[in-house]
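Quick notes on the structure that follows.
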Amino acid sequence: MLPFDVHPFRPRALDALRDYGRPQFLADLGAGVTVGIVALPLAMAFAIASGLKPEQGIFTAIIAGFLISALGGSNVQIGGPAGAFIVIVYGIVERYGLANLLISTMLAGVLLFVLGWLRLGVLVRYIPIGIVIGFTNGIAVLIALSQVKDLLGLEIDKLPADFFTQIGVLARHVHTINPAALAIGLACLAIVVLWPKSYTMPTAPTTRAQKWRRHASQVPGTIIALVGATLVTALFGLNVETIGSRFGGIPQALPTFELPEFSWATVKLLLIPTLTIALLGAIESLLCARVADNMADIPRHDPNQELMAQGVANVVTPLFGGMPATGTIARTSTNVRSGARTPVAGIVHAAVLLAIVLVAAPLAAHVPLAALAGILLFVAWNMGEWHEFRRLRHFAIPYRTTLVGTFVLTVVFDLTVAVEVGLLMACGFFIWRMSQLFRAEPMDGDALRRATGAEPAAVDGVHVLQLYGPLFFGAVGKIEALPERLPPGTRVLVLQMHRLISLDTTGIDALTQLLRALRKRGIALLLAEVNEQPRSLMRRSGFEPLLDEGAVAPTLAEALQRAAALVRAPQA
């Protein structure tokens, strides 16, 4: 029996398959086939852009896609390699090597599973939206930059991971541009952008053109671009780099099981990559699941079960040479728009990819890399929320600073630094905003009359302050300055605490120091209408016993009566 409550491992598929019928299966089957076709070029492109072989992306989409759908907490989530991981994986491979990428992915999977098991999935939602938008846009910029080499067909053996170094290397090799590669890349980009999208089609087409566009929209634009570019390259014998020329093609076989070499000394070195993969995977998967919840009339996802499924997928996939996996917004959106309502669609999508590998893998050798670069440029553009930069002028400086700072740090340094600094900035601004909510304002005759419901007797030497908001470590400076702000001749200070909503231990310490400072000046301290949370902390911390007898009054009127009696009493 554990001393804490853990989340039970219960995949959403168990509930979704109750009363499962033929009509729903046909809908899931159609959606799964569609998503499988969409996922094929993206899986290859993400792997290649990450510095891996194309089959590693496909195997990740198959294995992780199956596990995330079968074991996850969402009805429609599609898992697999994601664009957000491109920059992270590329940097890890360059710095630590492929074997250590596999180990850090497995460790991140364990961490993700534990987060879900301990019911900590909800914590991911507490990351400020400015940080999420900042690093998402930053990753989109880095993805686009990483594709310039293949889009232009530049003769560069390997791009470095550093942003400024990448720009320098690209600039030095720009004279090696391949016009054929550039033409293919731009043509594929144009096709993907302009190809009809099913979700933009009229529900009841009437004209012949509308009907044609409706039928055309059922075929993903990425597939049209990929097939067209491959045919053009093969028919005209274009001198461009292909999957076959760089990687030797894709094996027409199932992935093989291989346990990476593991040691605790290696684990210590991989702490930062592990945390980065886990953090990004958790954020991406839960954000994707939340988006999917709002797209269709389906039960809301279970974030803890989703994290546990992501964890299992990221532990198993590297054993077959795969890369990190998470929920993918583009494929999940396609899944929902295609009619999927249960995890069966995600399982079908994995089966479709497996069938394509076993049947048509040799054809992938002729796919030009420039075509994949054009597709990834479109992915990068869709990935970024660029309109948020235009809206910045409508928001306060803290939000602007957090978003822009995270964006710049992601581009210039890396995601880990960006999120760490972004969280520090967000916490700092939050503390500052909360400290502005605390006020200690004097109460005049009118305010006292409204508070007590009667005409208070005027007593010289009594000063009343009303406390507002939270008294915590960020606001104690306003309490420490009170003794110097009191009017001359003050003998009793009354603190009206009805609107003091919370108190922490630093606030208690500030009140203790205030009490000592007032006693040195011969001034008594009275408290009135103290709420339950501050009163409880005063008792537990030992502050209340330090006060004089009767110093805590249930009402302001009683506190004023007590103050008047203290003023009239002869001074010692």
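List of remarks:
- Across segment 1-117, the convex hull enclosing all Cα atoms gives 118 Å³ per residue.
- Short-range pairs are left out: with C-alpha atoms under 8 Å and at least six residues apart, the relative contact order of the chain is 23 percent.
- The chain: angle of helix 85-96 to the longest principal axis, Cα-based, in degrees nearest 10: 90 degrees
- For Val464, the residues whose amide H sits under 5 Å from its own are Met443, Val494, ignoring neighbours fewer than 5 places away on the same chain, with H placed 1.01 Å from N.
- C-alpha long axis of helix 397-412 to longest principal axis of the chain, angle in °: 40 degrees
- Every pair of different Cα atoms in segment 302-388 enters the Kirkwood calculation, which places the hydrodynamic radius at 15.8 Å.
- Dipole check for segment 78-223: with +1 at the C-beta of Lys and Arg, -1 at the C-beta of Asp and Glu, and the Cα centre as origin, the magnitude is about 720 Debye.
- Considering only Cα atoms, the convex hull volume of segment 385-534 works out to 165 Å³ per residue.
- Angle between the chain longest axis and helix 532-541 axis [Cα atoms, degrees, rounded to 10]: 80 degrees
- Summarised as an ellipsoid, the chain has semi-axes of 61, 26, 23 Å, derived from the eigenvalues of the Cα gyration tensor scaled by 5 and square-rooted, with the largest first.
- Percentage, to the nearest whole number, of Cα pairs in segment 207-326 over 16 Å apart: 79 percent
- Relative contact order [Cα under 8 Å, 6+ residues apart], segment 513-572, whole percent: 36 percent
- Amide hydrogen proximity for Val552: with H placed 1.01 Å from N in the peptide plane, the residues at 5 or more positions away or on another chain lying under 5 Å are Leu527.
- Per residue, segment 1-137 exposes an accessible area of 38 Å² to a 1.4 Å probe, with every protein chain left in place.
- Mean sequence separation of contacting Cα pairs (under 8 Å, at least six apart), scaled by the length of segment 331-437, corresponds to a relative contact order of 13 percent.
- From phi via Karplus (6.51, -1.76, 1.60), per-residue ³J(HN,Hα) for segment 300-309 in Hz, x at Gly/Pro: 5, 6, 9, x, 6, 5, 5, 5, 5, 5
- Translational diffusion of segment 1-44, estimated by Stokes-Einstein from the Kirkwood radius over alpha carbon pairs at 10 °C in a medium of 1.306 mPa s, is 116 µm² per second.
- Interchain or long-range residues, amide H under 5 Å from Leu154's placed H: Asn178
- Here the 3J(HN,Hα) profile of segment 287-296, calculated from phi with Karplus coefficients 6.51, -1.76 and 1.60 at θ = phi - 60°, is 5, 4, 5, 5, 4, 5, 4, 8, 8, 8 Hz, Gly and Pro shown as x.
- Carbon-plus-sulfur accessible fraction, the chain (probe radius 1.4 Å, protein heavy atoms only): 63%.
- Under Stokes-Einstein, with the Kirkwood radius over Cα pairs as Rh, the value for segment 53-126 at 25 °C and 0.890 mPa s is 177 µm²/s.
The values are calculated or read from the model by the stated rules, or taken from the named source; none is laboratory data. Since we're looking at a predicted model, the values are computed, not measured. Neighbour counts are summed over all protein chains in view; Cβ atoms, including those assigned to glycine, are modelled from backbone coordinates with ideal geometry. Accessible surface areas use protein heavy atoms only, side chains included; no ligands, DNA or RNA. Shrake-Rupley method; radii C 1.70, N 1.55, O 1.52, S 1.80 Å.
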